[in-house]
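Right, one structure below, let's go through it.
The values are calculated or read from the model by the stated rules, or taken from the named source; none is laboratory data. All values derive from a computational prediction rather than experimental measurement. Virtual Cβ from ideal backbone geometry, glycine too; neighbours counted across all protein chains shown.
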Amino acid sequence: MAASEIFDVVNRDDEVIGTATRASVHAHGLRHRAVHILVFNATGELYMQRRSLDKDSAPGLWDTSAAGHVETSENYDLAAQRELNEELGIGQSTKLIPLFKLDACAATGHEFTWVYRCVAATAVIPDPVEILDGRWCEIERLDEWLRARPSDFTTTFHLIWSRLFNTAGQACTAFAND
């Protein structure tokens, strides 16, 4: 998570128009790309991560299972596989299913964000540098937690959760089944 990482800068149509450092992208609110992955277990629980206190945005808040920036010249799918492996130790053999894309806006940190899901076939091994805490959550209890304590969660997670419920109604557990 170096401030000198280089990201593609994109226009409102998500087309690459240049590159900039992580620090510059975040300081100037430049549009760039990210991925979020929702990892379910065989019983339909969602793995949630609490972001490290060292993160430059939303430190200590609860978020999707894994998330990260798309690196320069990398596509969304490759970034999702890389982040899943880096943050949770889940390998390349895990099938990621794209769910939807969020437009870049202030709530996403000016990130165009593809959201994926998968079912973990192996144990989750959180990276202690990236993740302060993690837990498996039943969908219903997570929904109750989100309503009772919305400030515990990142703004991007709020958008993703809202989109899941708008798309799937109360049947969010269907996202856990292949």
Of (1) of a type outside the set (A, V, I, L, M, F, W, C); (2) surrounded by 14 or more Cβ atoms within 10 Å (Cβ to Cβ); (3) closer than 30 Å to Thr122 by Cα; (4) in contact with a His (Cβ under 9 Å, 6 or more places away or on another chain), Asp56 satisfies every one except (2)
Given the options Leu78, Leu84, name the one that is buried (at least 19 other Cβ atoms within 10 Å of the Cβ) and assigned to a helix (DSSP H, G or I).
Leu84
Suppose we filter the range 108-146 for residues that are of a type in the set (A, V, I, L, M, F, W, C) and surrounded by fewer than 14 Cβ atoms within 10 Å (Cβ to Cβ); how many remain?
4
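Okay, residues lined up against (1) assigned to a strand (DSSP E or B); (2) of a type in the set (Lys, Arg); (3) without any contact (Cβ under 8 Å) to a residue 24 or more places away in the chain:
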{"site": "Lys95", "(1), (2), (3)": "no, yes, no"}
{"site": "Ala104", "(1), (2), (3)": "no, no, no"}
{"site": "Ala123", "(1), (2), (3)": "no, no, no"}
{"site": "Leu132", "(1), (2), (3)": "yes, no, no"}
{"site": "Arg141", "(1), (2), (3)": "no, yes, yes"}
{"site": "Glu144", "(1), (2), (3)": "no, no, yes"}
Here the residues within the range 65-79 that are at pLDDT 95 or above and over 17 Å from Ala104 (Cβ atoms) are Ser65, Ala66, Asp77, Leu78
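Can you name every one of the strands (runs of 3 or more DSSP E) wholly within the range 1-55 that holds 2 or more residues which are touching a Ser or Thr at 6+ places or on another chain (Cβ under 8 Å), under 19 Å from Leu78 (Cβ atoms) and hydrophobic (A, V, I, L, M, F, W, C)? Show your work before the answer.
Details: elements: 6-10, 16-21, 32-40, 46-51.
Qualifying strands (runs of 3 or more DSSP E): 6-10, 32-40.
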Restricting to the range 104-153, name every residue that is out of contact with any strand residue (DSSP E or B) (no Cβ under 9 Å at 6 or more places or on another chain), more than 22 Å from Thr43 (Cβ to Cβ) and hydroxyl-bearing (Ser, Thr, Tyr).
Ser151
Positions within the range 106-121 being without any contact (Cβ under 8 Å) to a residue 60 or more places away in the chain and either assigned to a loop (DSSP other than H, G, I, E, B) or over 26 Å from Leu30 (Cα atoms) (or both), in sequence order:
Ala121
